[in-house]
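> Take this structure first; my questions come after.
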Amino acid sequence: MSTNAVAARPEAPPEANLKKQLKRADRLRKFKAIGLVAPLALFLIVVFVLPIGSMLWRSVDNTELESVMPRTVAGLQQWDGSGLPEEATLAAFAAELRDSRRGGGLGKVGRRLNYEDNQYRGLLMRTLRGLPASSENWTQTLVEIDPAWGETTTWREIQRASPPVTDRYVLASLDLERGANGEIQRIDAQDRIYQSVFQRTMVIAGGVTLICLALGFPLAYLLATLPPKTSNMLMILVLLPFWTSLLVRTAAWIILLQSNGLVNQSLIASGIIDTPLQLVFNRIGVFFAMVHILLPFMILPLYSVMKGISPSYQRAAVSLGAHPFAAFWQVYAPQTISGVAAGTILVFIMALGYYITPALVGGPADQMVSYYVAYYTNTTNNWGMAAALGSILLALTLLLYLVYHRLVNRKQLIRS
Amino acid sequence: MLTNTSLSSSDHSTPLVRFDAVQKTYDGENLVVKDLNLSIHKGEFVTLLGPSGSGKTTCLMMLAGFEVPTSGDIFLESQRLNSVPPHKRNFGMVFQNYALFPHMTVEENIRYPLKTRRLPAAEIERKVSDILDMIQLREFAKRRPTQLSGGQQQRVALARSLVFEPQLILMDEPLGALDKQLRERMQLEIKHLHQQLGLTVVFVTHDQSEALTMSDRVAVFNDGVIQQIDTPTNLYEFPANAFVAQFIGENNTLPGRVESVQGHDCRVSFGEGFSTGALLGPNLAQGDATRLSIRPERVKLNGAATQLPNRLQGKVHEFIYLGDHLRVRCELAGNDDFVARVPVDDFSSQLQPGDIVELGWRNEDVRALNAS
């Protein structure tokens, strides 16, 4: 815009003009920013938000019966739960049962009803085999095929399995169930496993995190205080484990720690022990392997924070009369809190989801939640349980994170 | 080197701090500090001045206890300090970037040295409160250091090093991070504090004007050796050698030879057939090579030079206008960086670059210094 043109035109109020220009400049910048993050946002939505959403949904999803036997389900919803359902409902059931042979519906319904009671798949098969083409009285016909159809509990259980949303998987993941009258109760003591699995998962992840912190903090401090030449060399050693795959490292621990492995042999050879120690396929092995794998994730954030803390703080504290140890704890350590927070959260959350390592180097009593998730997905095809276990783990993690965040924020007073 | 002579003559009482033949090397080959002898008396403001790598900070760190002398001793009054750990020395220290603890408030920072000394709570609060008033930051007591301006942080660092009433304050380039105006104000503030509280201060800087402004005595370091230790006036007026002359203030240097000596005066020839009267510096005799040192503000131009005993022809290269004065860069006796500093009022505007001018000075404005 030339100066002449500006001078010739009656001037708009300058600030309005300015605002417009600012807005236009800002809009362009905003578009650029959106354009830059769009691919990542899209990627995250497709591979992260949607799968997690669908997993959360699967933990309460209960549409198997409704999708295969919509009329039966509708009829059962009207039923008051005493005696037997109406004749029309049973007729619909018979018709839908016959149709369910096509398209795999029968398997789906059988599997779902088996979660209520193991007899259902067989019962459905038997009934289907004996089902006549037509009947005057479906109630009577069904009871004749199998007396189970004449029992109120059978229909109650089917009724209970039919609403489109259920909390049974989530309850089961917490060793809870609905009683006969719909109240929540603990399951029989000998069947309870998940509470202890969750507890065990937390204990292992927490223990690994603490060990990593105890081992990683001094090393990170050393790395941050050594001259760059030496610390770079050591840093390569810290990162060395990343060069081999997790599976290889885990397998290597089995070889090292087994009864006639290197560790036991050298301990016996040096006369410290007489009989080999059980170091693998138990909790010790799990800790060894997991700490080894996760240690760099503790060291790196600690190192990056410590690198930024000037040594003059400790010198200042010492010059003010503090003993070097006091100076370290009162002045240096509090400044590393953001690194400790990042490192522990990172290691803890990664450890929570560990599956391969405990599966390989742990015993039956060392399997973590992920093992059961994998079991339900791969072996029994029970997506509801897998999703429910996963969701509860996610919820627990978020809860712990919130508590932790609160705690750390209260202590972490460094604002940059 | 006149390290010891100028010291012991001025004061006969026991010095507070004494460096005795201190040497320091980091690699076993090069001495960072060579045979250092230095006494600091109670109530003195002593500045260690020098370019980077001259050993001044190493000296301060040895005094603070963060470095150990390779040989020699450091005494505090009659106590040998070498084996006293830094946290037991009871020196207040102000660091280059203040080193205020970022996770503590201003108040907590100031309280820290008192708490480590386990003083009674009431006394701690009284002292913290007093010193907050003194540095006028009471309303900032609950803030964190990062929420303060550079000057305020500097004052907090000062307060923290003063609050436990140490017998010695060490300052390691404490004003380096401040802008020029603030730096000059803080220089005066520190100087006034020193006078009011009767502090003993050892101050390290590479800024010569800072050293001249604040100090009772300045020790000029170069290459691990104290080149001269003296009052600011004497350093400027009577530099002991060419390095000091060059480092303190502006200076014109001309290489020459001592022709004749008469007491403190001498005659020096330089360039091609030039000669001037000069004050004889230390360690010089007839026939020695010398470097003449002339301050730019003592060089007079044309009319102002007519009455002066030493007058020479120079050629003007350029003028640099600096508001209150003008720098005239000339070529004189083969040195084309010879500067005269002329008050703007005295300056004749007819002068052009390329003109020949007459430059003049008095005998006593020239020092003949050791050429090495």
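The values are calculated or read from the model by the stated rules, or taken from the named source; none is laboratory data. On a predicted model such as this, the values are computed, not experimentally measured, just so you know. Because the Cβ atoms are built from the backbone with ideal geometry, glycine has one as well, and the counts that use them run over all protein chains shown.
> Across region B:169-190, what is the total count of residues that are surrounded by 18 or more Cβ atoms within 10 Å (Cβ to Cβ), modelled with pLDDT of 85 or more and farther than 21 Å from residue A:320 by Cβ?
Count: 2.
> Residue B:56 - would you say it is more than 9 Å from chain A (Cβ to nearest Cβ) and surrounded by fewer than 19 Cβ atoms within 10 Å (Cβ to Cβ)?
no
> For region A:248-260, indicate whether the set of residues that are among the basic types (Lys, Arg), free of Cβ contacts under 8 Å to residues at least 60 places away in the same chain and out of contact with any His (no Cβ under 9 Å at 6 or more places or on another chain) is non-empty.
No.
Table: residues versus (1) crowded, with 20+ Cβ neighbours inside 10 Å; (2) among the β-branched types (Val, Ile, Thr).
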residue: A:356; (1), (2): no, yes
residue: A:367; (1), (2): yes, no
residue: A:372; (1), (2): yes, no
residue: A:388; (1), (2): yes, no
residue: A:399; (1), (2): no, no
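> Mind checking whether some residue in region B:185-197 is within 14 Å of another protein chain (Cβ to nearest Cβ), over 28 Å from residue B:240 (Cβ atoms) and hydrophobic (A, V, I, L, M, F, W, C)?
Checked region B:185-197: no residue is within 14 Å of another protein chain (Cβ to nearest Cβ), over 28 Å from residue B:240 (Cβ atoms) and hydrophobic (A, V, I, L, M, F, W, C).
> Look at residue B:209 and say whether it is within 13 Å of another protein chain (Cβ to nearest Cβ), within 28 Å of residue B:32 (Cα to Cα) and not in a strand (DSSP E or B). Even if it seems obvious, please write down each step before you answer.
Numbers: within 13 Å of another protein chain (Cβ to nearest Cβ): no; within 28 Å of residue B:32 (Cα to Cα): yes; not in a strand (DSSP E or B): yes.
In short, no.
The rows are residues; the columns are (1) closer than 16 Å to residue B:252 by Cα; (2) surrounded by 12 or more Cβ atoms within 10 Å (Cβ to Cβ); (3) in contact (Cβ under 8 Å) with a residue 24 or more places away in the chain; (4) more than 27 Å from the chain's Cα centre (by Cα).
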residue	(1), (2), (3), (4)
B:308	no, yes, yes, yes
B:316	yes, yes, yes, yes
B:330	yes, yes, yes, yes
B:333	yes, yes, yes, yes
B:354	no, no, yes, yes
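> Still on this model: Exactly one of these conditions fails for residue B:82: (1) farther than 22 Å from residue B:204 by Cβ; (2) surrounded by fewer than 20 Cβ atoms within 10 Å (Cβ to Cβ); (3) more than 14 Å from every other protein chain (Cβ to nearest Cβ); (4) without any contact (Cβ under 8 Å) to a residue 40 or more places away in the chain. Give me its number.
(1)
> To continue, here is another question. Being farther than 15 Å from residue B:291 by Cβ, surrounded by 20 or more Cβ atoms within 10 Å (Cβ to Cβ) and in the same structural domain as residue B:341 (by TED's automatic domain parsing) is the filter here, so list the residues in region B:219-273 that pass it.
Of everything in region B:219-273, nothing turns out to be farther than 15 Å from residue B:291 by Cβ, surrounded by 20 or more Cβ atoms within 10 Å (Cβ to Cβ) and in the same structural domain as residue B:341 (by TED's automatic domain parsing).
> Among what's in region A:70-98 and is of a type in the set (Ser, Thr, Tyr) and buried (at least 17 other Cβ atoms within 10 Å of the Cβ), pick the residue that is nearest to the chain's Cα centre (by Cα). Reasoning before the result, please.
Just the residues of region A:70-98 that are of a type in the set (Ser, Thr, Tyr), to begin with: A:72, A:82, A:89.
Those left that are additionally buried (at least 17 other Cβ atoms within 10 Å of the Cβ): A:72, A:89.
Details: A:72: 36, A:89: 41 Å.
Per the criteria, the residue is A:72.
> Output the residues belonging to region A:356-398 that are in a helix (DSSP H, G or I), aliphatic (A, V, I, L, M), touching a Leu at 6+ places or on another chain (Cβ under 9 Å) and under 17 Å from residue A:250 (Cα atoms).
Residues satisfying the conditions are A:356, A:360, A:361.
The rows are residues; the columns are (1) crowded, with 20+ Cβ neighbours inside 10 Å; (2) within 14 Å of another protein chain (Cβ to nearest Cβ); (3) under 27 Å from residue B:153 (Cα atoms).
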position: B:40; (1), (2), (3): yes, no, no
position: B:50; (1), (2), (3): yes, no, yes
position: B:65; (1), (2), (3): yes, yes, yes
position: B:74; (1), (2), (3): yes, no, no
position: B:88; (1), (2), (3): no, yes, yes
position: B:91; (1), (2), (3): yes, yes, yes
position: B:95; (1), (2), (3): yes, yes, yes
position: B:99; (1), (2), (3): yes, yes, yes
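> Let me ask something else about it. Working only within region B:169-181, note down all residues that are away from chain A (no Cβ under 14 Å) and closer than 27 Å to residue B:127 by Cβ. Step through it out loud before you land on a result.
Taking region B:169-181 as the starting set, the residues that turn out to be away from chain A (no Cβ under 14 Å) are B:175, B:178-181.
Passing the criteria: B:175, B:178.
> Another question, then. Kindly list the number of the only condition in (1) loosely packed, with under 15 Cβ neighbours inside 10 Å; (2) within 18 Å of residue B:253 (Cα to Cα) that fails for residue B:303.
Tallying (1) loosely packed, with under 15 Cβ neighbours inside 10 Å; (2) within 18 Å of residue B:253 (Cα to Cα), residue B:303 fails exactly one: (2).
> Can you name the condition, by its number, that residue A:83 falls short on among (1) at pLDDT below 90; (2) assigned to a helix (DSSP H, G or I)?
All conditions pass for residue A:83, except number (2).
> Which numbered condition in (1) under 19 Å from residue B:171 (Cα atoms); (2) away from chain A (no Cβ under 14 Å) is the only one that residue B:109 fails?
So the condition that residue B:109 fails would be (2).
> Further, regarding this structure: Residue A:319: surrounded by fewer than 22 Cβ atoms within 10 Å (Cβ to Cβ), at the interface with chain B (Cβ under 7 Å from one of its Cβ atoms) and either under 28 Å from residue B:160 (Cβ atoms) or in contact with a strand residue (DSSP E or B) (Cβ under 7 Å, 6 or more places away or on another chain) (or both), yes or no?
no
> Among the numbered criteria (1) over 25 Å from the mean Cα position of the chain (by Cα); (2) within 12 Å of chain A (Cβ to nearest Cβ); (3) not charged (D, E, K, R), which one does residue B:132 miss?
(2)
> Using the structure shown, decide if residue B:295 is of a type in the set (D, E, K, R) and over 10 Å from residue B:252 (Cβ atoms).
Judged against the criteria, residue B:295 is not a match.
> A follow-up question, please. Does residue B:106 qualify as being crowded, with 20+ Cβ neighbours inside 10 Å, assigned by TED's automatic domain parsing to the domain that holds residue B:41 and more than 27 Å from the chain's Cα centre (by Cα)?
yes
> Which of the following residues is of a type in the set (A, V, I, L, M) and surrounded by fewer than 19 Cβ atoms within 10 Å (Cβ to Cβ): A:180, A:161, A:172?
Result of the check over A:180, A:161, A:172: A:180.
> To continue, here is another question. Go through A:153, A:209 for me and flag whichever is surrounded by 17 or more Cβ atoms within 10 Å (Cβ to Cβ) and either in the same structural domain as residue A:392 (by TED's automatic domain parsing) or part of a helix (DSSP H, G or I) (or both).
A:209
> If residue A:132 satisfies all but one of (1) buried (at least 17 other Cβ atoms within 10 Å of the Cβ); (2) farther than 24 Å from residue A:64 by Cβ; (3) at pLDDT below 90; (4) in contact with a Ser or Thr (Cβ under 7 Å, 6 or more places away or on another chain), what's the number of the condition it fails?
Here residue A:132 clears every test but (1).
Residues are listed down the side, and each one gets a yes or a no for (1) modelled with pLDDT under 90; (2) closer than 17 Å to residue B:59 by Cβ; (3) among the β-branched types (Val, Ile, Thr):
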| site | (1), (2), (3) |
| --- | --- |
| B:149 | yes, no, no |
| B:193 | yes, no, no |
| B:198 | yes, no, no |
| B:202 | no, yes, yes |
| B:215 | no, yes, no |
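> Turning to a different aspect of this structure: Please state which of the following conditions residue B:166 fails to meet, knowing it meets all the rest: (1) facing chain A (nearest Cβ under 10 Å); (2) surrounded by fewer than 19 Cβ atoms within 10 Å (Cβ to Cβ).
Of everything listed in (1) facing chain A (nearest Cβ under 10 Å); (2) surrounded by fewer than 19 Cβ atoms within 10 Å (Cβ to Cβ), residue B:166 misses just condition (2).
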